[in-house]
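The values are calculated or read from the model by the stated rules, or taken from the named source; none is laboratory data. Remember, predicted model here, so these are calculated numbers, not experimental data. Cβ: placed from backbone, ideal geometry, glycine included. Neighbour counts: every protein chain shown.
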Amino acid sequence: MSSDTSATGSANRATMSDPGYRAFLLLRVVFTAAPILFGLDKFFGLLTDWTEYLAPWIDDIVPGTAEQAMYAVGVVEIVAGITVAVVPGFGGWLVAAWLAGIIVNLLTGPGFHDVALRDFGLLAGAVALALLASRYAPARRSRSSY
């Protein structure tokens with residue numbers, strides 16, 4: 001049985017000639033940078049007033065103010081972006097789960113259904129990243145397994 005090495009150059013090494021690898025790298029960069037940048041903006045508010053996007057029922061159950069909730073959201077988003085950079089397989093699923101939560105918030109909140117639809121597209125991209133990571137960034141084995 002022969003293995004297909006034309007796309008990756010070898011059975012274990014991806015190259016830039018492999019479109020799947022390039023897609024993986026693109027998604028990894030985007031899902032590293034975007035959550036970090038959106039997370040940082042929760043502290044600076046340059047893009048929007050993020051508290052407007054918080055569903056009232058969520059604001060009612062989280063401690064503190066809506067602004068403080070957005071600070072916590074910012075921290076989670078920064079951590080998610082860093083996780084994608086370091087462990088893209090897990091990070092992709094983490095971002096997808098976070099986006100699912102955002103979608104629920106948007107669909108049950110103040111009527112940002114268009115943003116929820118856009119975030120569903122982002123969720124699909126995060127899942128694609130996680131799936132591609134299983135091929136292009138497999139989990140590292142511990143030294144004891146060598």
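If only one of Gly121, Gly74, Gly81 is crowded, with 20+ Cβ neighbours inside 10 Å, more than 10 Å from the chain's Cα centre (by Cα) and modelled with pLDDT of 95 or more, which one is it?
That would be Gly74, the only listed residue that is crowded, with 20+ Cβ neighbours inside 10 Å, more than 10 Å from the chain's Cα centre (by Cα) and modelled with pLDDT of 95 or more.
Say whether the condition of being free of Cβ contacts under 8 Å to residues at least 60 places away in the same chain, among the aliphatic types (A, V, I, L, M) and within 20 Å of Gly89 (Cα to Cα) is met by at least one residue in segment 57-66.
No - not one qualifying residue is present in segment 57-66.
Which numbered condition trips up Leu54, out of (1) in contact (Cβ under 8 Å) with a residue 40 or more places away in the chain; (2) over 20 Å from the mean Cα position of the chain (by Cα); (3) farther than 18 Å from Ala97 by Cβ?
Going through (1) in contact (Cβ under 8 Å) with a residue 40 or more places away in the chain; (2) over 20 Å from the mean Cα position of the chain (by Cα); (3) farther than 18 Å from Ala97 by Cβ one by one, Leu54 breaks only (2).
Filter the helices (runs of 4 or more DSSP H) completely within segment 33-146 down to those with at least 2 residues that are touching a Gly at 6+ places or on another chain (Cβ under 6 Å).
In segment 33-146, 66-86, 113-136 are the helices (runs of 4 or more DSSP H) which contain 2 or more residues that are touching a Gly at 6+ places or on another chain (Cβ under 6 Å).
Pick out the one residue from Trp93, Trp57 that is aromatic (Phe, Trp, Tyr) and touching a Ser or Thr at 6+ places or on another chain (Cβ under 9 Å).
Just one listed residue meets the conditions, Trp57.
Can you find even one residue in segment 6-21 that is closer than 14 Å to Ala126 by Cβ, surrounded by 14 or more Cβ atoms within 10 Å (Cβ to Cβ) and modelled with pLDDT of 90 or more?
There is no residue in segment 6-21 that is closer than 14 Å to Ala126 by Cβ, surrounded by 14 or more Cβ atoms within 10 Å (Cβ to Cβ) and modelled with pLDDT of 90 or more.
Take Ala133 and decide whether it is modelled with pLDDT of 95 or more, buried (at least 18 other Cβ atoms within 10 Å of the Cβ), more than 30 Å from Ala55 (Cα to Cα) and of a type outside the set (Val, Ile, Thr).
Answer is yes for this residue.
Please go through (1) loosely packed, with under 13 Cβ neighbours inside 10 Å; (2) in contact (Cβ under 8 Å) with a residue 24 or more places away in the chain for Asp41 and return the number of the only condition it doesn't satisfy.
(1)
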